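Below: one structure, written as structure tokens.
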Amino acid sequence: MTLSTSPLPDTTPPIVRRARVSTQVEDERLERVRFATARTAVGALRGPTYSCYFRGEHATANYLVAFPRSTLWIRQDRGAAFVADPTVATIYNCGQVHSRAPISPDGDLVDWFAMSEPLVRDAVRAFDVTAAEAASPLAFTRAHVSPELYREQRAVFRAAGDPTVSEGSVEERVIGVFGNVMAVAFGERQVTQHERRERLDLVERARAVIGDSYEQNLGVAEIAARCGTSVFHLCRTFRGHTGQTLHGFRRDIRLRIALGRLPDHRRDLSRLAVDLGFVSHSHFTAAFRRHFGVSPTVWTARGEDVARAG
């Protein structure tokens with residue numbers, strides 16, 4: 001899974017340092033990267049039982065969490081083997097030595113989500129400061145996956161292959177999936193009153209940044225920098241308090257502002273779309289319809305009908 005770069009001899013050390021995610025795969029016929037930025041990647045492995053993935057040991061090219069769609073044995077660093085199936089997420093450090101053995105005749109069918117080392121260490125730091133500084137910060141081999149988390153990762157996986165979904169939106173949702181797996185693995189700890197206030201303040205700063213720049217397509221890294229925090233902490237905190245991603249919140253703001261401007265732009269929706277930060281007229285129209293249930297044109301026509309009736 002960008003799990004693999006190549007089979008390894010027993011003497012190969014497992015620790016690998018990498019600041020950016022890798023898009024190298026062992027067999028391009030069986031493994032595909034669907035989405036990649038410098039910080040995140042999403043891919044899929046479809047390895048039959050007779051494939052190279054079931055022979056010898058391999059090493060991961062990234063820090064990642066993987067969601068099996070079949071059942072098989074996994075052994076990491078020659079430890080105890082465990083069953084990987086659709087009820088768990090398997091967790092890998094970069095350079096993690098591992099091997100497989102088949103259970104299901106389907107082989108290894110798995111979707112994976114990778115993050116860069118800085119993001120991973122930041123994710124772990126939210127739960128364990130000491131582990132975040134360790135050579136291998138991901139100390140768990142697997143975590144239970146709830147139906148809600150499984151549904152979310154499938155939705156993100158689909159979005160990762162959809163050209164109409166923005167890169168920033170997918171990246172933010174990948175960070176969310178990774179963070180949710182970490183929360184299960186480490187166990188959610190109680191938040192202190194001071195931490196709660198700090199998080200609320202961070203959410204307000206983020207809302208202010210977005211409100212001041214909603215027409216710009218700022219990435220999560222720039223929003224985090226303006227808020228004086230890390231990407232992972234901002235994404236997780238903002239969604240935890242608002243129920244929305246940063247990109248979703250910004251889209252909501254844009255569309256609500258669009259409602260007020262439509263009467264003055266009904267003959268030039270393309271200009272309105274660009275002014276609000278949408279990439280095109282069609283992108284704006286599709287987002288508007290999903291959000292409000294009608295197209296901008298229909299909304300404007302209804303408003304005119306009401307005005308005439310009044």
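Can you say whether residue 158 is under 21 Å from residue 70 (Cα atoms) and without any contact (Cβ under 8 Å) to a residue 40 or more places away in the chain, as far as the supplied structure shows? Yes: the conditions hold for residue 158. Among the candidates 221, 208, the residue that is at pLDDT below 95, among the aliphatic types (A, V, I, L, M) and under 25 Å from residue 116 (Cα atoms) is uniquely 221.
Restrict the check to the range 187-197 and report whether at least one residue is surrounded by 18 or more Cβ atoms within 10 Å (Cβ to Cβ), of a type outside the set (S, T, N, Q) and outside the structural domain of residue 284 (by TED's automatic domain parsing). No - not one qualifying residue is present in the range 187-197.
In contact (Cβ under 8 Å) with a residue 24 or more places away in the chain and of a type in the set (D, E, K, R): which single residue out of 271, 256, 289, 250 fits that description?
Selected residue: 250, the only one of 271, 256, 289, 250 that is in contact (Cβ under 8 Å) with a residue 24 or more places away in the chain and of a type in the set (D, E, K, R).
Of the helices (runs of 4 or more DSSP H) lying entirely inside the range 134-251, those containing at least 1 residues that are within 25 Å of residue 281 (Cβ to Cβ) and in contact with a helix residue (DSSP H, G or I) (Cβ under 8 Å, 6 or more places away or on another chain) span 147-160, 167-186, 193-213. Set side by side, the residues 120, 97, 88, 124 differ, and just one is surrounded by 17 or more Cβ atoms within 10 Å (Cβ to Cβ), farther than 27 Å from residue 173 by Cβ and either at pLDDT 95 or above or not aromatic (Phe, Trp, Tyr) (or both), which is 97.
Could you check the range 168-205 and list, in sequence order, the residues that are under 21 Å from the mean Cα position of the chain (by Cα) and more than 27 Å from residue 112 (Cα to Cα)? Passing the criteria: 199, 202, 203.
Can you find, within the range 271-310, the residue that is modelled with the lowest pLDDT among those that are surrounded by 11 or more Cβ atoms within 10 Å (Cβ to Cβ), more than 33 Å from the chain's Cα centre (by Cα) and not basic (Lys, Arg)? Ranking the candidates gives 304 first.
The values are calculated or read from the model by the stated rules, or taken from the named source; none is laboratory data. In this text, all values refer to a predicted model and were calculated from it rather than measured experimentally. Positions of Cβ are backbone-derived with ideal geometry, glycine not excepted, and every protein chain shown enters the neighbour counts.
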